[in-house]
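Peer 1: Mind having a look at this structure? Questions to follow.
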Amino acid sequence: MKNKQNTSRRAFIKKGAVASSIMILPRHVLGGSGFLSPSDRLNLASIGSGGKGASDISNASVKGREYVSALCDVDFSGSASKTAKKFPKAKKYEDYRVMLEKEKNLDAVTISTPDHVHGPAAAFAMERGIHVYVQKPMTHNIKEARILTEMARNKKVVTQMGNQGGSNPLLNMVQNWIDNNAIGAVSEVKIWTNRPVWPQGVQIPKPDKSLKPDALNWDLWLGPAKQKPYTPNMHPFNWRGWWDYGTGALGDVGCHLIDIPFRTLGLKYPISAECSVGNVFSKMWSPDYIPEGCPPSSFITLNFEATKKSKKPIQMTWSDGGIRPPHPEIIPANNDIGGKNSENGVLIIGEKGIISTNINDSSPLMPKLYLYDGTTDFGPEVEKMAEPEYGHQRKWVDACKAGFKSKEHLELTSSFDYAGPMTETVLMGNLAIRSFMLRKELMNGQMDYYARKKLLWDGEKMNITNLDAANQFVTREYRNGFTI
């Protein structure tokens, strides 16, 4: 996409070519609006350069084919230091806002921060016409997902969410089973995970600014979250279990697992949600109450209207904390359901049989078809990837070069037109969990958990229609300087 940031760089290239008596035609003459010659190198940057961000920016560089000109991280003493060594010419920044204002020639940026920064950082970049690759979940809350989806269209930027399994070619096997009516009309989907694998369902650590690492910019790490002293054991991983920063088990793998039925069945917004959660009892008869943190386990039910592919209304259940559904009779008892040791998986249940798959990240998808007439069809147990993460980042880069609404862009598996509604569906589960914890004290001193009911959802309007108090979790409060 042609934008102000790119104009100065491209104008310089054109001027230099003219001086050398080499004719360069305008981009719109060569390939239409948004065209960028494949021989041109994108100027890339990363926001969040350690952890998953390290592989995101590395894969986006396509073995040096593209140029990484800037790196942003709040702590370059950790794994981000390895990224800085890999791209020694890249300028380093702590604040993504400063980087995006100073680096006028950026074309595209990968965003791989904690969940709470995804939305503000992506919006800041897209407002400046910069293409974005955003780690899953696309955003921290539902309203952010809707805003980014609409902004991507309005700003005509190329987007991709980092649920790399969406580019796994083995998904075509599952899609073909659905499209060919192999299991008949689908009415039920069961999804489960062994997450969380970090501290969750416990009291948040007490702040202790004396323990803050010198290299960590804690204020920038907090981003849109409310100001508070340094809290140990949040950075770089355990933030996932706290609502101010993370999105729990659902946010961590929901965009991998829910993606499979959402994509193959052509689902839209859910129409209702309800849940129950696991309790921890530190005292007899009195469950711990930690509304600022995600629960140790949860069971969520989402209901969807029928689609052309599902043909029937669908009930989707999600369970985490290691709780999994019962083993279907149609699947031999010694066979895993889902993935290895049945730790994560998806069961798509139809009139004629069941489809079983693993988590859809970079794990083996292990698609299996079991029909009640005894027919089976299995995908490979071991996958061979021709390129890292099924080329998920590389395909996004190629689409950035080809331009908005190009063939390459339209073929992306998780551009925000798809990833936005799917992320909203994932985050509906978290809205149900947080509503489940709402309570008020009665005159007799007992607590009334008044929101423990089935929540009716108007997806188009982003509104719970039968409990207004639940709508507070559609969005969040933002600290000044990090609004969206």
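The values are calculated or read from the model by the stated rules, or taken from the named source; none is laboratory data. The structure displayed is predicted, hence computed values, not measured ones. Cβ placement follows ideal geometry from the backbone for every residue including glycine, while neighbour counts extend to all protein chains displayed.
Residue-wise test of (1) more than 25 Å from Ala470 (Cβ to Cβ); (2) small (Gly, Ala, Ser).
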position: Val134; (1), (2): yes, no
position: Asn154; (1), (2): yes, no
position: Ser167; (1), (2): yes, yes
position: Val174; (1), (2): yes, no
position: Asn181; (1), (2): yes, no
position: Trp192; (1), (2): no, no
position: Leu216; (1), (2): yes, no
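Peer 1: Residues in the range 218-231: is at least one touching a Leu at 6+ places or on another chain (Cβ under 8 Å), in the same structural domain as Phe281 (by TED's automatic domain parsing) and over 25 Å from Thr301 (Cβ atoms)?
Peer 2: Checked the range 218-231: at least one residue is touching a Leu at 6+ places or on another chain (Cβ under 8 Å), in the same structural domain as Phe281 (by TED's automatic domain parsing) and over 25 Å from Thr301 (Cβ atoms).
Peer 1: Now for a separate question. Within the range 368-391, identify whether any single residue is within 16 Å of Lys190 (Cα to Cα) and not aromatic (Phe, Trp, Tyr), and answer yes or no.
Peer 2: Looking for residues that are within 16 Å of Lys190 (Cα to Cα) and not aromatic (Phe, Trp, Tyr), one finds at least one in the range 368-391, hence yes.
Peer 1: Is the range 377-392 home to any residue that is among the basic types (Lys, Arg) and within 30 Å of Ser58 (Cα to Cα)?
Peer 2: yes
Peer 1: Now a separate question. Given (1) surrounded by fewer than 18 Cβ atoms within 10 Å (Cβ to Cβ); (2) within 16 Å of Phe262 (Cβ to Cβ), where does Met447 come up short, assuming only one miss?
Peer 2: (2)
Peer 1: Would you mind listing the strands (runs of 3 or more DSSP E) fully within the range 339-396 where at least 1 residues are at pLDDT 95 or above and of a type in the set (Val, Ile, Thr)?
Peer 2: 345-350, 353-357, 376-378
Peer 1: Please go through (1) surrounded by 16 or more Cβ atoms within 10 Å (Cβ to Cβ); (2) hydrophobic (A, V, I, L, M, F, W, C); (3) in contact (Cβ under 8 Å) with a residue 40 or more places away in the chain; (4) assigned to a loop (DSSP other than H, G, I, E, B) for Ile331 and return the number of the only condition it doesn't satisfy.
Peer 2: (3)
Peer 1: Which of the strands (runs of 3 or more DSSP E) contained wholly in the range 130-205 include at least 2 residues that are in contact with a Pro (Cβ under 8 Å, 6 or more places away or on another chain) and within 30 Å of Ser298 (Cα to Cα)?
Peer 2: 186-192
Peer 1: Output the residues belonging to the range 373-411 that are out of contact with any Lys or Arg (no Cβ under 6 Å at 6 or more places or on another chain) and hydrophobic (A, V, I, L, M, F, W, C).
Peer 2: Result: Val382, Met385, Ala386, Trp396, Val397, Ala399, Cys400, Ala402, Leu410.
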